[in-house]
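Student: Sharing a structure below in C-alpha cells format, with a few things to ask.
The values are calculated or read from the model by the stated rules, or taken from the named source; none is laboratory data. Predicted, not measured: the structure shown is a model, and the values here were computed from it. Cβ: placed from backbone, ideal geometry, glycine included. Neighbour counts: every protein chain shown.
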Amino acid sequence: MLSIFGLRSARDKSHCDGVTRRDMLRAGTLAVGGLTLPQLLRAEERAGIRKSDKAVIMIYMCGAPGHQDMYDLKMDAPSEIRGSFKPISTNVEGIEICEHMPRLAGIMDKCVPLRSVVGSPSGAHDSFICYTGRPVPNQPAGGWPSVGSVASRVLGPRNDSVPPFVGLSPNAGHPPYGSPGHPGFLGVAHSAFRPSGPARNDMQLQKGVDASRLDDRRALLASVDSIRRDIDASGTLDGLDNLTQQAFDILTSTALADALDISKEPESIRERYGKGDPKHYGDGAPRNLEHFLMARRLVQAGCRVVTLNFGRWDFHSNNFNGMKDTHLPQFDQGLSALIEDLHNQGMADDVAVIAWGEFGRTPRINNNAGRDHWPQVGGGLLAGGGFRTGQVIGATDRIGGEVAERPVHFSEVIAMLYRHLGINPDVVKLDDLTGRPQYLLNNTTPMPELV
C-alpha cells in the first residue's frame, strides 16, 4: 500500500486500508510542484491533456477496400452492383458481414462496423487522411502530423525504453502504402520508429560493448554536439538529439527487442494469429499476420500508437477473386485474433483499434470484374477503446454509392482516438514551423454512439 507521510495510521472502520475520509481530504491539499491535486487536475483539463496508459493500433488497408464487399453488402441491388459475395449472420442479431470474414462475424459484439466514412478529398491513393483526419491539400508549414507523432509530442513515452510511436510498415513501391504516418511540423524526433529488416539487429548492444562503454560514447557525442548545437535554427538538430537519446535508451534496455520477439508468446497464441505472407503484395504492403501480434506486444510494453500496413486492396480488376483468395481470409484471421487477444489480456478498454483505407470503391463493377476509386463513401471497423461495440454506425443507399444515414468523417474517428489517448483536440494547439499555433483537427465532434 502506498502511504503518505503524516497521515493518521489509526484504522477507520469505513476504510479497510486505514485511510480516513479526513486523510483523503488532506491528501487532496498536498502540493506537488507548488500545485495541489485539484489544481493539477484543473491545469491538466485546461491544457487538454490527460496522462494515461491508453493506446491505439491502426491498420491501414493500403489501396482502399470495397466497403460493399466487407461490411455493407447490397443483396437487393442488381448483379452488376452486388457482386458474388454473400452475407453471413454475426453473433449480434441484425448485423451481417461478408461470408469470407467468419472469425470477425463470431466476435461482432466486440466490433463496430462503420458503413458511411466520408471526407476523402479525391480518388488519389494516399494514407494521409487515415493518419491525420485531414486531406493532403492546404497544409501548414511543415505539414500536418499523424496521430502517432502527436501522441509522441504531447504525451511522450510511457516507457523510456519503448518509442511512443512505432510503425510496422516496410517501404512499399507506392510510398504512401509504406508510410506509418508522418511527423509533419513536429519534426523527426516524433517520427515513427520503424523496426523493419536489418534494424532489428541494432536494437541491443553488440557483444563486447557494455553500458559503461556506451556511456563513454554518449559523453563524446555530447561534447561534439555542443559545438554545433546553436548553429541550426530549424530545430532539425534538436530532433536528432532526441533521437540519439531514444537510441541510447533502447540500446540499454531489452524492452523493445523483447516486445518484437513473438517467439516469447505461447505457441497457441502464435498459431491463432498465423503467419500470413511477409512478402509485399505488388506495390503495396505485406499481409504479415505476425505484425498484428507484434502490435499487441508493443502496446503492452508501453507504446502509445502502433500503425501497421496490410496488403494492397486496389482491385481495379479481379476484385472478388483477389479479395477472397489473398486478402479477406488473412485479414479476418489477423484482426479477429488481435481483438480477441486484447480482451483475453484485459487490454480491450485501454487499446483502441481501427482498420480502414483512404476511400471506398465504385458501386458498379467494371468490365474487368473490378471496382474503381470512390471517394464519396467508404467503410472501416473499430474495436476496443472502451467503446460501445456490437453496433453498426452509418448506412448507405441501395447501391452503396451515397450516404443514407449518419455520415462519419475521418476526422471524427481521429478525434475519438485522440480523446481515448487523453488528448482533447478542442483545446490542444501545436506550433507549426512558422510558430503559428494549429489545432489538431477541424472537425472534433465526438461520436456519441461510441460513448
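Student: Does Gly379 satisfy being under 25 Å from Pro176 (Cβ atoms) and in contact with a His (Cβ under 6 Å, 6 or more places away or on another chain)? Walk me through it before giving the result.
Tutor: Numbers: under 25 Å from Pro176 (Cβ atoms): yes; in contact with a His (Cβ under 6 Å, 6 or more places away or on another chain): yes.
It is true that Gly379 is under 25 Å from Pro176 (Cβ atoms) and in contact with a His (Cβ under 6 Å, 6 or more places away or on another chain).
Student: Another question about this same structure. Specify the residue that is nearest to the chain's Cα centre (by Cα); the eligible residues are those in the stretch 23-66 that are modelled with pLDDT under 95 and surrounded by 17 or more Cβ atoms within 10 Å (Cβ to Cβ).
Tutor: Here is the first cut: in the stretch 23-66, the residues modelled with pLDDT under 95 are 23-53.
From the residues that got through so far, the ones that are surrounded by 17 or more Cβ atoms within 10 Å (Cβ to Cβ) too are 23, 48-49.
On the way: Asp23: 41, Gly48: 20, Ile49: 18 Å.
The selected residue is Ile49.
Student: Just checking, how many residues over the stretch 176-197 are over 13 Å from Ser127 (Cβ atoms) and assigned to a helix (DSSP H, G or I)? Quick ask: steps written out before the conclusion?
Tutor: Restricting attention to the stretch 176-197, the residues satisfying the condition of being over 13 Å from Ser127 (Cβ atoms) are 183-191, 193-197.
Those still in the list that are assigned to a helix (DSSP H, G or I) too: 184-186, 188-190, 197.
Total meeting the criteria: 7.
Student: Go over the candidates Leu421, Leu441, Leu381, Leu417 one by one and state the one that is over 25 Å from Leu104 (Cβ atoms) and either of a type in the set (Lys, Arg) or under 21 Å from the mean Cα position of the chain (by Cα) (or both). If you could, list the steps in order and put the result at the bottom.
Tutor: On the way: Leu421 fails: over 25 Å from Leu104 (Cβ atoms); Leu381 fails: over 25 Å from Leu104 (Cβ atoms); Leu417 fails: over 25 Å from Leu104 (Cβ atoms).
Selected residue: Leu441, the only one of Leu421, Leu441, Leu381, Leu417 that is over 25 Å from Leu104 (Cβ atoms) and either of a type in the set (Lys, Arg) or under 21 Å from the mean Cα position of the chain (by Cα) (or both).
Student: List pairs: first in the stretch 51-80 and closer than 30 Å to Arg158 by Cβ, second among the basic types (Lys, Arg) and part of a helix (DSSP H, G or I), Cβ under 8 Å, 6+ apart or cross-chain?
Tutor: Cβ pairs passing all conditions: Ile57/Arg296.
Student: Of all the strands (runs of 3 or more DSSP E) wholly in the stretch 326-441, which have at least 2 residues that are under 30 Å from Val154 (Cβ atoms) and either free of Cβ contacts under 8 Å to residues at least 40 places away in the same chain or outside the structural domain of His67 (by TED's automatic domain parsing) (or both)?
Tutor: Details: elements: 351-356, 378-384, 403-405, 429-431, 437-439.
Answer list for the stretch 326-441: 437-439.
Student: Next question, about the same structure. Regarding Tyr281, is this residue within 21 Å of Val166 (Cα to Cα) and either assigned by TED's automatic domain parsing to the domain that holds Val306 or out of contact with any Pro (no Cβ under 9 Å at 6 or more places or on another chain) (or both)? If you could, list the steps in order and put the result at the bottom.
Tutor: Details: within 21 Å of Val166 (Cα to Cα): no; either assigned by TED's automatic domain parsing to the domain that holds Val306 or out of contact with any Pro (no Cβ under 9 Å at 6 or more places or on another chain) (or both): yes.
So Tyr281 does not fit the description; no.
Student: Another question about this same structure. Could you list, in sequence order, the residues of the stretch 59-98 that are of a type in the set (Ser, Thr, Tyr) and farther than 19 Å from Gln333 by Cα?
Tutor: From the stretch 59-98, those of a type in the set (Ser, Thr, Tyr) are 60, 71, 79, 84, 89-90; that's our starting set.
Within the stretch 59-98, Ser79, Ser84 meet the criteria.
Student: Restricting attention to the stretch 351-369, does a residue exist that is at pLDDT 95 or above, within 30 Å of Asn319 (Cα to Cα) and acidic (Asp, Glu)? Spell out the reasoning first.
Tutor: In the first step, residues of the stretch 351-369 are kept if they are at pLDDT 95 or above; the result is 351-369.
Going one step further and asking which of them are within 30 Å of Asn319 (Cα to Cα), we end up with 352-369.
Then keep just the ones that are acidic (Asp, Glu); that gives 358.
Yes, that holds for at least one residue.
Student: Could I ask something else about it? All but one of (1) closer than 18 Å to Gly394 by Cβ; (2) in contact with a Gly (Cβ under 6 Å, 6 or more places away or on another chain); (3) not in a loop (DSSP other than H, G, I, E, B) hold for Tyr131, so report the exception by its number.
Tutor: Status for Tyr131: all satisfied but (1).
Student: Looking at the stretch 317-331, which of its residues are farther than 24 Å from Tyr131 by Cα and surrounded by fewer than 24 Cβ atoms within 10 Å (Cβ to Cβ)?
Tutor: The answer is Ser317, Asn318, Phe320, Asn321, Gly322, Lys324, Asp325, Thr326, Pro329.
Student: Are any of the residues in the stretch 322-335 out of contact with any Ser or Thr (no Cβ under 6 Å at 6 or more places or on another chain) and closer than 23 Å to Lys54 by Cα?
Tutor: Just the residues of the stretch 322-335 that are out of contact with any Ser or Thr (no Cβ under 6 Å at 6 or more places or on another chain), to begin with: 322-335.
Remaining after also requiring closer than 23 Å to Lys54 by Cα: 334-335.
Scanning the stretch 322-335, I find at least one residue that is out of contact with any Ser or Thr (no Cβ under 6 Å at 6 or more places or on another chain) and closer than 23 Å to Lys54 by Cα, so the answer is yes.
Student: Please work out if Gly133 is within 16 Å of the chain's Cα centre (by Cα) and either buried (at least 19 other Cβ atoms within 10 Å of the Cβ) or at positive phi (or both).
Tutor: Answer is yes for this residue.
Student: Continuing with the same structure: Do you know which residues across the stretch 83-118 are assigned to a loop (DSSP other than H, G, I, E, B) and within 25 Å of Ser317 (Cα to Cα)? Working first, answer last.
Tutor: First pass over the stretch 83-118, keeping only residues assigned to a loop (DSSP other than H, G, I, E, B): 83-86, 90-95, 99-101, 107.
Scanning the stretch 83-118 gives Gly83, Ser84, Phe85, Lys86, Glu99, His100, Met101.
Student: Right, next: If I filter the stretch 105-113 for residues that are closer than 29 Å to Arg296 by Cα, charged (D, E, K, R), modelled with pLDDT of 95 or more and crowded, with 24+ Cβ neighbours inside 10 Å, do I get at least one hit?
Tutor: Pass one, the stretch 105-113, residues closer than 29 Å to Arg296 by Cα: 105-113.
Add one more test, that the residue is charged (D, E, K, R), and what stays is 109-110.
Then drop every residue that is not modelled with pLDDT of 95 or more, which leaves 109-110.
Add one more test, that the residue is crowded, with 24+ Cβ neighbours inside 10 Å, and what stays is none.
Scanning the stretch 105-113, I find no residue that is closer than 29 Å to Arg296 by Cα, charged (D, E, K, R), modelled with pLDDT of 95 or more and crowded, with 24+ Cβ neighbours inside 10 Å, so the answer is no.
Student: Within the stretch 370-393, track down each residue that is out of contact with any Phe, Trp or Tyr (no Cβ under 7 Å at 6 or more places or on another chain) and closer than 12 Å to Ser317 by Cβ.
Tutor: Passing the criteria: only Asp372.
Student: If I go through the stretch 398-407 residue by residue, how many of them are closer than 15 Å to Tyr71 by Cβ and either at pLDDT below 95 or surrounded by fewer than 24 Cβ atoms within 10 Å (Cβ to Cβ) (or both)?
Tutor: Going residue by residue through the stretch 398-407, those that are closer than 15 Å to Tyr71 by Cβ are 400, 403-406.
From the residues that got through so far, the ones that are either at pLDDT below 95 or surrounded by fewer than 24 Cβ atoms within 10 Å (Cβ to Cβ) (or both) too are 403-406.
The total comes to 4.
Student: Checking the structure you have, find out if any residue of the stretch 285-308 is part of a strand (DSSP E or B), under 19 Å from Glu99 (Cα atoms) and either at pLDDT 95 or above or in contact with a Lys or Arg (Cβ under 8 Å, 6 or more places away or on another chain) (or both). Give the derivation first.
Tutor: So in the stretch 285-308, the residues part of a strand (DSSP E or B) come out as 286-288, 305-308.
After this cut, where a residue has to be under 19 Å from Glu99 (Cα atoms) as well, the list is none.
Within the stretch 285-308, none of the residues are part of a strand (DSSP E or B), under 19 Å from Glu99 (Cα atoms) and either at pLDDT 95 or above or in contact with a Lys or Arg (Cβ under 8 Å, 6 or more places away or on another chain) (or both).
Student: Out of the stretch 166-175, which residues are surrounded by fewer than 24 Cβ atoms within 10 Å (Cβ to Cβ) and either part of a loop (DSSP other than H, G, I, E, B) or in contact (Cβ under 8 Å) with a residue 60 or more places away in the chain (or both)?
Tutor: Keep residues of the stretch 166-175 that are surrounded by fewer than 24 Cβ atoms within 10 Å (Cβ to Cβ), which gives 170-175.
Within the stretch 166-175, Pro170, Asn171, Ala172, Gly173, His174 meet the criteria.
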